Structures are given as C-alpha cells and as structure tokens.
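The structure appears below as structure tokens.
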Amino acid sequence: MDQKQLREQENRCIQEQAPACAAICPAHVDVRGIAAEIAKGDVVAALKLYRKAVPFPGIISRICDQPCKAVCLRKDLGGSIEIAALERACLEFGSSSEETVKQLPRKSKTVAVIGGGISGLTVAHDLARKGWGVVIFEAGDRLGGGLWKSPPDLLPRDVLINDLKIIEELEIEVRLNMSVGGSGANGHGTFLGKLSQEFDAIFLGVGPHSSEIPDLQMNDNGQIAIDPLTFQTSNEKVFAGGDVLRVSTLYPNRELKHSAILSISDGRRAAVSIDRFLQKVSLTASRVNEGSYETKLYTNTSTTTSQAPLIETDLSTRYNIEVAETEAARCIQCECLECVKVCPYLDHYKGYPKKYIRETYNNLAIVMGTRHSNQFINTCALCGLCAEVCPTDVNMGEVCHEARVTMVDQKRMPPSAHDFALRDMAFSNGEKFALAHSAPGLDSASYVFFPGCQLSGSTPEYVEKSYAFLRENFDNNVGLMLRCCGAPADWAARKDLFAQSQNEFYAEYEKLGKPKVILSCSSCYQMFQKHYPDVEIVSFWDVMNEHGKFKKREFPAPITIHDPCSTRRESHIHDSIREIITKMGGEIQELPLSREKTECCSFGGVMWLANRPVAEKMVQQRINESPLDYVTYCAMCRDFFARKGKRTLHIFDYIFGEEKSDLAAAPAVGFSQRHENRARLKEKLLRDLWSETMPDSGAFESIRLVLPEDVQKQVEDRLILVEDMQKVIEYAERTGKRMLNNSTKHYLAYFKPNSVTYWVEYTKNDDGSFLIYKAYSHRMEVGIGAPK
Amino acid sequence: MSEYFDPAKYEGWVCADCNIPLQLSKVDVSYLGNSFPVDLLKCPNCGLVLIPEELALGKMAEVEKALEDK
Ligand code: SF4
Ligand code: SF4
Ligand code: SF4
Ligand SMILES: [Zn+2]
C-alpha cells in the first residue's frame, strides 16, 4: 500500500478527535479526562488537567457559561454533565499549598498588555511563564476588569483575588490608571504609537469599550480587523483579543454577551502568536482546532442508560466528594471504538485503527531492526466487520492485507506465518485432490460444481451428495472441479502463488467450455468475486433453495445462524440459507451480529495460524453469543466452533445428514484427516463416476502409523501431518539414519521435506506398522548431516 | 543453546547407523542467513545430530520468531 493510501485510512479514523464537550469549549478543557480522574478518586490529577487549560480556575469554575453542556452526549440521557461543578470540586478537594508555577528563565523582550481583564491577564500569564517580560496597563485601579461585575455570591471576592495572585507571583509589572485613550489623528503621539516603540509586541485587550480602540484597521462591521487564526491586527506588533473584538464602532451601545472562557481562549491564542512573533517563527504553522469547534468524534450511546445527576446543580452548587464522584461517573467517556468493540483482535492489541495504522506504517519503513508489528499485521482475519461498523468506513482488513503485500514485496514476510496454510493449498491443487471433469459421459459442461477444499476435507460425503443433486437438477450437465480457490495465497499476499493457482483453474475451465461455476464455499465465492471477474458464478445455496426438495426435520429447539464472514456482502446467500432452514421446519433466532455484520470464525486471513491465542478469543467471543445450536454453511466455521465445544451444524447436516445421529456434537476434523478425506473423495469419485484410478502414490504413503490419542492431539496441535511423519520414518528406515535409545529401544529420526524439519520418536510394531511416541518440528537448519 | 536442554537426559542415545554414542560437540544451526554454533549431541562418525524436543519448541522457536521479525 503506498503511503498515501495508508495515511488516508489513518486520517479517516476519528477515535483521537476530542469529545464534543472539549471541542466546543473554547479553551478545550479536557472534561472527559477530568471526569475520569474524579470518578476514580484522583481529584489532584483532575485539577492538574483543569489548570492546564485554564489559568484562572477558581474564577472560571464559578462563572463559566458552559458551552460544553449544550453538546454533552449525556444531555438527553439524564442531563448534561455538570462540568463547572466538577471543576469547583477539583479546586476544593484537589488544591494543595505545594503547587508551584513553572516559569522559563527571563528572556530579553518585553510585551505590553493593554487591559487587565481576563483576556489580558491570560496573555500576561502565558507569556510571563514563557519567560517574556510583561507589563500590564490597566485603565482602572485594580486588575480583573469586568470580573468585578460578577455577583459576589457567584464569584466570591476572595476567590477572585486568590486567582489573580499568580500575576504577582510571575513578577508581571502592573501599571494601573493608565488609559489607552481614543484614536489619534495619525497614529503618532497616541498611546499605542508610544508603546510600539517601547515594547516588542502589544496585546490589546481593553474590554468592551469601542471608544478605546486606537489606530487599527477596522472591518466592515466596525470591529477591529484581525487575522482570525493569529489575532494579529493591521499593525504586525499588535494583537487583540477578548471583548474588544466583539464591540463595533457602528453600534457603540449594543449590549455584549461576555464569555469569560472565550476571553481566556482568545488570550491563549494571541499569546501563542505573540510568543512566535517574538521568536521570529511562523505564526500560522500547524495551528488546528484552536477555539470552539464541532468534533467529528462519533460515540454510540444506543446502550447508554439514562441517569440524572444526584442533586440539582447550578453555578453556585457545591458538591461534596461523593456527589462529585457520582457526577463524574455519569460521564460517558465519549469515544468511538466501534470497531474495537466488535473485533477481539483489535481489542487484543489495546489500541484502535488510527494508532495501529501509524504503527503499521512505521513497521513497513523499518530497514534494520525488529519489526514489532509483523504479527499484528498477520493476525487480522481480513473479515471487513470493522468497516461495516465504522462511521467512516475504515477497513483494517484492507490495511493489513496491503501491508502484507508490501511485506512480501520487501521480502520481509515471516516465512512461518502462512507456510502451513500455503502447503495445504498446494496439496489441494496437487494430484491428490485436484480434478476437473465434465459430467460422466459428456465432453463439456454448462455448469461445473466447485465444492472447495475445506468441505471436501471436513465432509467429503456431502460433496458427493451435492454433486449428485446438481446433476439431477441440471440434466446431468454439471462437471466437477476439485481444487483450492487460492484463498490462502490471497490472504498471505502471495500474488505469485495465487496467480499460479488461477492459471491452473483457467486452463481447466476453458477445457470444460467455460461453464457457469457453482460455489458452495463462501470463501471461494468471495475469491471468485474478487479475482475471477470474467467467470460466471452462482451460489450453490441459491440453486439449492430454488431446486431442492426439502423434507421436514426434527428441530427440538430454535437454532441460530452463523453467517460466514465471507458472505458479508452476499445478502442473497443469507436469504437462501434462511429460506432453506424454514422450509425444513427450523425456527431461527438471529445472533445480534449476523448477515452483513457477521463475525469471523478465525479462519479468515489465516489468522488461526498467525496468532493462535487471539484466534481463540475470536472463536470464543462468537460461540458465547448464544446458547442455541449454531447452523452455518462453511466447513471451517463449523470445525472451528466444534473444536471449542460449541454445538454446531453445517446446513448440509440437515439436508443430507442422518436424522438420528447428533451431528451438532460431532468432533472437528483434524488436518491430517482433511488431507486423507480429500484424497479419498477424489479416488472414490474417479472410480464411481469416471472409472478411473488415482495416480500412483509415493513410497512413504505405505508407512502405517499408530498414534495413541494423546500423540494424535499433540501432532495436530503442532501442525504435524501424518504424511510428514511417514516421510521421516520412510527416510530413516530406508537410509538407517536414526538414533536409538538403548534403554527404551525407541528410534528418533528427522527429515526435512520442505522448510520444516520434522522429528519422530517411534518403534516398529510386529505387524510392520510404526508406533509414534512424539513428534516435533523446527525451522532452523542443522548445519552438518541435515537430510533434505 | 545447550543450556536450554539437559544433555544428561539424552545419555542413552546412540547413532543407530554407526552404533556409537552421541557426543556433545559444536554444531552450526542457521536460519534466514544467520548462523549460530551450538553444543549439541552428535554422532562423531557420521554427523547425525540430535535436536531435543525442548530445544526445538523452546529456544529454537523463540530465535526463529525473532529472526523472522528482523
Ligand atoms: S459525556 Fe462526558 S465526554 Fe461525553 S460530551 Fe459529556 S462530558 Fe464530554
Ligand atoms: S470505528 Fe474504529 S476505525 Fe472507525 S473511527 Fe471508530 S475507532 Fe476509528
Ligand atoms: S479481523 Fe475483521 S473486524 Fe477485525 S480488524 Fe480485521 S478485518 Fe477488521
Ligand atoms: Zn553415525
């Protein structure tokens, strides 16, 4: 995937966007963070967050107009979070005498701040902390400006005075009773003109007094013209903010709605500009989301229950700590994570797509050193559920697949990640299974049945029966093609292997006269949709639903349907399956996530091989969703669920299975058995339908193995096939290359038929078979004497 | 890697081909172009090497994984 595509997906994930409250707050108080800290009992941490956004927390927490409350997602779910009340609680319970203000060493330049109201005080505070010299010019005889007009019961004067102490602590010079004066005739000799010569920059924050606006350009509304991003006026040295920006010389008597938090925000933003101006760096670079804005964050509140505050609250309410904690806990902690909530894989790595995509991108760029995200990239099931639930269609499946393509191109794909699945594919496309025939007695085919390798591996008898069904229904004019669709190669991003498989398919397909391909496996269906656009395909289930004659079955209880994830976009298949079950008399209870929102069984994307613990979480989550028997129509889904003990049926069990046996409890079919089932299926069909025989088998296949149950489980777990062990023993017995344990008389031998070296400990039975005690494997190569 | 298995546990093993006991000696094991000398049990005559199960599934698997991510 090129950088642009990755970046594009990364940018689409809105998880890192601020919650509605913090975005609309002009000072971006981290309300969510504050609520979280209070809820867990850490008011000190909460206060720290609050102080970071607001230099005068005592004042603001008492008079803030709380624009956040209008957008809080709790609003209609019991009432918006009482944020200012929580802020007051932070101050009351979290303040300590040890709090110190950090201040950078004094720099040479000095700034004049005109106006000692809240915007000017904010500028003075921010710049003084950065080390710039600051002089405040205030027309009145005390700092605070309009703050003194707030009713004292709302803003107690001791709180006001206490908050303003910081100005003194920061050694800011204050000159009182200094009026700016009206506009001068030509700028010379005015107060502003004089200050411009004396100071390196000026902040104009005179409050709502249109008469005091000195010589600066005005906009068409009669307001001071500023750059809305930087608050710079027509005089490059002069920045303006606070209420003065909102007064108009055209309407000098208009009432202004004062917002202290807006003035603080203006001050902060102007201070950033002034700081940059003094440092002579870009005023505009990377300034995003300053001031009030609407967030793009999506938060799903559909399962949030309504809850009101413990007590009725206004700006004068004081909470005790318990009430504060309860109120804080009402915060929904807004975030998206829609995809993470449904995908155990995304949840496992404790992040979310924006972060993951960044890490993926970095991973692919590593030239030397460890690529820590390889396993992450290979674990995704590529199932597409994330995109289905994401408000902005981020598809981690696409990201991970493209990342795999890049890894293969870079020759950095871990060889072990997909090896076993690719060898399984090679087996299915080899002479033991691959077959392409027109119907017995015909030279070409109108249709060809493509049952896929996994149904053939799990339940070969159903392949036989469904093939017979199709021949009956289409005047015998249905050929048969046994092979793998190439899905493992696609998932492993092995374009070379996929192309090879595809070419083999096309050669046979053309020989058959380009028949319509009937697919019963949904992964095959998906592969054909994606990679064989010119091949006409039809779902076996649509055919079955249309032409099948279904007998009523016994359904002791309702069942639930697990749609394979590869059918996500195929609602016609979902419908056919449900109709078939209904025709047989089954009652269906849908899973919460089904059809286009279905989950993967962990087979997808070769996840089960790349990361077993996470794959198991995936299976477990799915099978825990309902106590009912699951019915599915993918052989792998069926086996993955059955392996974890979930009662699961393949829909073929109802259609062709024996009514009397409890097929939902049938064990999963192991890997060796799958190979054997495929080979036997081919052999039987060749013999029964076409009177042909199988090609000769290799010498190792005559080696008969005896596997005690625990050994069987061990080798299955270690992905060691019967044929691997047969090859080891055949080699050892033929060459004599083996070790002997003098006391147990066991033999130990090894052989490397592919990229893996297999070890088998065995003895020979009297009947010529071999009893296996253990088998294991490794990929590292042994220097000398390693047989190949 | 000999510290990842106990050679004493494998004392009873002989090379069945040469009929002589295996001896601890340096053997190169390699993966993806990286090679490591390791003390392993080996037939001094024909060079047949014994990789114990615990080594294959333990340290070796770990090193394989690490090298694959390099
Ligand atoms: S619920 Fe919490 S995080 Fe969400 S908008 Fe309200 S205060 Fe902010
Ligand atoms: S659903 Fe996931 S990918 Fe989409 S925006 Fe939300 S967190 Fe990001
Ligand atoms: S496993 Fe499926 S839902 Fe999870 S990230 Fe991958 S494609 Fe998305
Ligand atoms: Zn020997």
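Structure values in brief
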{"read-out": "Rg followed by Dmax, in Å, when the range A:549-667 is reduced to its Cα trace", "value": "13.8, 42"}
{"read-out": "Heavy-atom SASA rank of A:Arg578, A:Arg269 (probe 1.4 Å, accessible area, largest first)", "value": "A:Arg269, A:Arg578"}
{"read-out": "Distance in nm between pseudo-label sites at A:Val405 and B:Lys65 (7 Å out along the Cβ direction from Cα)", "value": "3.0 nm"}
{"read-out": "Over chain B: helical MRE at 222 nm, DSSP H runs n ≥ 4 each giving -39500 (n - 2.57), nearest 500", "value": "-3000 deg cm²/dmol"}
{"read-out": "Interface burial for B against A (accessible surface, 1.4 Å probe, total of both chains, Å², rounded to 100)", "value": "3000 Å²"}
{"read-out": "Average other protein chain Cβ within 10 Å of Cβ, residues B:13-19", "value": "5"}
{"read-out": "Set of lysines with alpha-carbon distance to A:Lys432 below 21 Å, sequence-local pairs under 8 removed", "value": "A:Lys465, A:Lys511, A:Lys682, A:Lys684, A:Lys727, A:Lys752"}
{"read-out": "Farthest toward positive dipole pole in the protein assembly as shown [+1 Lys/Arg, -1 Asp/Glu at C-beta], among A:Ile729, A:Ile581, A:Thr632", "value": "A:Ile729"}
{"read-out": "DSSP-defined beta bridges in the range A:699-778 - what % are antiparallel, rounded to 5", "value": "90 percent"}
{"read-out": "Accessible area, probe 1.4 Å, largest first, for residues A:Thr295, A:Thr360", "value": "A:Thr295, A:Thr360"}
{"read-out": "Assigned charges on the beta-carbon of Lys, Arg, Asp, Glu; the range A:191-281 dipole about Cα centre (debye)", "value": "200 debye"}
{"read-out": "Between the range A:461-521 and the range A:87-149, the alpha-carbon center distance in angstrom", "value": "76 Å"}
{"read-out": "Furthest towards positive pole of dipole, A:Ala615, A:Tyr447, A:Ser119, structure part chain A, Cβ charges", "value": "A:Ala615"}
{"read-out": "Within straight-line cross-link reach of A:Lys4, lysines at Cα separation under 20 Å, skipping those fewer than 8 residues along the same chain", "value": "A:Lys354, A:Lys355"}
{"read-out": "Over chain A: helical MRE at 222 nm, DSSP H runs n ≥ 4 each giving -39500 (n - 2.57), nearest 500", "value": "-12000 deg cm²/dmol"}
{"read-out": "Protection proxy ranking, peptides A:642-650, B:59-67, A:308-316, average beta carbon neighbours within 10 Å, highest first", "value": "A:642-650, B:59-67, A:308-316"}
{"read-out": "Cα-Cα separations in chain B greater than 19 Å, expressed as whole percent", "value": "35 percent"}
{"read-out": "Heavy-atom accessible area, 1.4 Å probe, ligands and nucleic acids excluded: residues of the range A:365-413 down by at least 10 Å² from chain alone", "value": "A:Gly369, A:Thr370, A:Arg371, A:Asn374, A:Gln375, A:Arg412"}
{"read-out": "Total charge dipole magnitude, the range A:110-279, about the Cα centre, Cβ charges on Lys, Arg, Asp, Glu only, Debye to nearest 20", "value": "200 debye"}
{"read-out": "List B:Ser30, A:Ser108, ordered by accessible area with a 1.4 Å probe, largest first", "value": "A:Ser108, B:Ser30"}
{"read-out": "Segments A:721-731, A:144-154 sorted - mean Cβ within 10 Å per residue, highest first", "value": "A:721-731, A:144-154"}
{"read-out": "Within the protein assembly as shown, percent of DSSP bridges classed antiparallel, to nearest 5", "value": "55 percent"}
{"read-out": "Rounded percent of accessible protein surface that carbon and sulfur make up, the range A:18-99, 1.4 Å probe", "value": "53 percent"}
{"read-out": "Dipole axis of the range B:7-69 (+1 Lys, Arg; -1 Asp, Glu on Cβ), positive-most option in B:Ala61, B:Ser30, B:Gly12", "value": "B:Gly12"}
{"read-out": "Dimensions in Å of the range A:419-546 - Rg and Dmax from alpha carbons", "value": "13.7, 42"}
{"read-out": "Cα-derived Rg to Rh of the range A:338-409, Kirkwood definition", "value": "0.96"}
{"read-out": "Shielding score for A:756-764, defined as the mean number of other chain Cβ atoms within 10 Å", "value": "1"}
{"read-out": "Cβ neighbours within 10 Å from other chains - mean over A:734-741", "value": "5"}
{"read-out": "Given charges at beta-carbon only (K, R positive; D, E negative), |dipole| of the range A:534-617 in Debye", "value": "320 debye"}
{"read-out": "Those lysines that a straight Cα-Cα span of less than 17 Å connects to A:Lys552, excepting residues fewer than 8 apart in one chain", "value": "A:Lys583, A:Lys660"}
{"read-out": "Per residue convex hull volume, Cα atoms of the range A:699-778, in Å³", "value": "92 Å³"}
{"read-out": "Calculated FRET efficiency for the pair A:Glu504/A:Leu442, C-beta based, R₀ 30 Å, to 0.05", "value": "0.85"}
{"read-out": "Per principal axis, descending, Cα span of the protein assembly as shown in whole Å", "value": "113, 71, 52"}
{"read-out": "The range B:28-70, accessible surface, carbon-and-sulfur percent (1.4 angstrom probe)", "value": "52 percent"}
{"read-out": "Ordering of A:755-766, A:197-208, A:526-537, A:426-437 by packing [mean C-beta count within 10 Å, highest first]", "value": "A:197-208, A:426-437, A:755-766, A:526-537"}
{"read-out": "Per-residue SASA entry for A:Cys343, accessible area with 1.4 Å probe, Å² rounded to 10", "value": "20 Å²"}
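The values are calculated or read from the model by the stated rules, or taken from the named source; none is laboratory data. In this text, all values refer to a predicted model and were calculated from it rather than measured experimentally. In this analysis, Cβ positions are derived from the backbone assuming ideal geometry, glycine residues included, and neighbour counts consider all displayed protein chains. The protein model used for the area step is the full one, side chains on, heavy atoms only, and it has no ligands, DNA or RNA in it. Shrake-Rupley method; radii C 1.70, N 1.55, O 1.52, S 1.80 Å.
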